[in-house]
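Please read the structure below before turning to the comments.
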Amino acid sequence: MAASDLFKTLLYTVNNVLQQHKYKSALAVLKGFRNGAVYGAKIRAPHALVMTFLFRSGSLREKLWAIAQATFTHSRNLACFVFTYKGLQAVQQHFQGKRLQSHSFLAACLGGWLVFGENNNINSQINMYLLSRILFALSRLAVEKGFIPAPKTDPFPLFATLVWGVVLWLFEYHPHTLQPSLQSSMNYLYHDSNTWHDISDFLIYNKPKTN
């Protein structure tokens, strides 16, 4: 059999399997792993690129290696979480015969503990990102369900006031409590702007160039 015929046969077989309803749950888990890996890389690579070249010292090779490591870790963790979450959902649904809201919560709890439970920079950023979204979502849900009354005026200005007041107080007087990347950003904005020697490090460079 020619190589082209073998490839066509293989492609036909794979496409046929993908159309089988009995494999849908397992295939959805596999595609979830794929989508998690791709999305994690898309999200982390540009972020790591910008943050590394703005704030990280070291050679070009060290910076590129740091970007690759951060991208791989984010991509791997997200892929593993999606795989675990969807797999556990499918298992629960199979044994109980129907889909329940508790399946989502329990599967995500276990996946979060297994994948995002390690305290490192990547997991810390992801978990804190989600926490801020959760607080907003729970506030909206509480209003929708009638647990708290709908505000008569937009609460966002008060929210912004408290967020910026607290974070700058922490930065100025308890900086060790903040995440290192946030400390670096705030040092650049609020402390490095207090020092200069001439026009070069006033407008062009943040700090004087060293030979």
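The values are calculated or read from the model by the stated rules, or taken from the named source; none is laboratory data. All of these numbers come straight from a predicted model, not from anything done at the bench. Here Cβ is always computed from backbone atoms with ideal geometry, including for glycine, and neighbour counts include all displayed protein chains. Remember, those area values only see protein heavy atoms, side chains included, never the ligands or the DNA or RNA. Shrake-Rupley method; radii C 1.70, N 1.55, O 1.52, S 1.80 Å.
Just a few scattered comments:
- Residues of region 172-211 that turn out to be under 23 Å from the mean Cα position of the chain (by Cα) and of a type in the set (A, V, I, L, M, F, W, C), as a count: 3
- Being among the β-branched types (Val, Ile, Thr), open to solvent by less than 60 Å² (accessible area, probe 1.4 Å) and either within 30 Å of Leu78 (Cβ to Cβ) or touching a Gly at 6+ places or on another chain (Cβ under 8 Å) (or both) is a property that Ile122 has.
- Of Trp169, Trp196, all but one fail to be open to solvent by 90 Å² or more (accessible area, probe 1.4 Å) and either at pLDDT 95 or above or under 29 Å from Ala70 (Cα atoms) (or both); the exception is Trp169.
- Of the numbered criteria (1) within 27 Å of Asn120 (Cα to Cα); (2) hydroxyl-bearing (Ser, Thr, Tyr); (3) open to solvent by less than 60 Å² (accessible area, probe 1.4 Å), the one Tyr190 fails is (3).
- Listed here are the helices (runs of 4 or more DSSP H) enclosed by region 1-117 that have at least 2 residues being open to solvent by 60 Å² or more (accessible area, probe 1.4 Å), farther than 23 Å from Ser184 by Cα and at pLDDT below 90: 3-18, 24-55.
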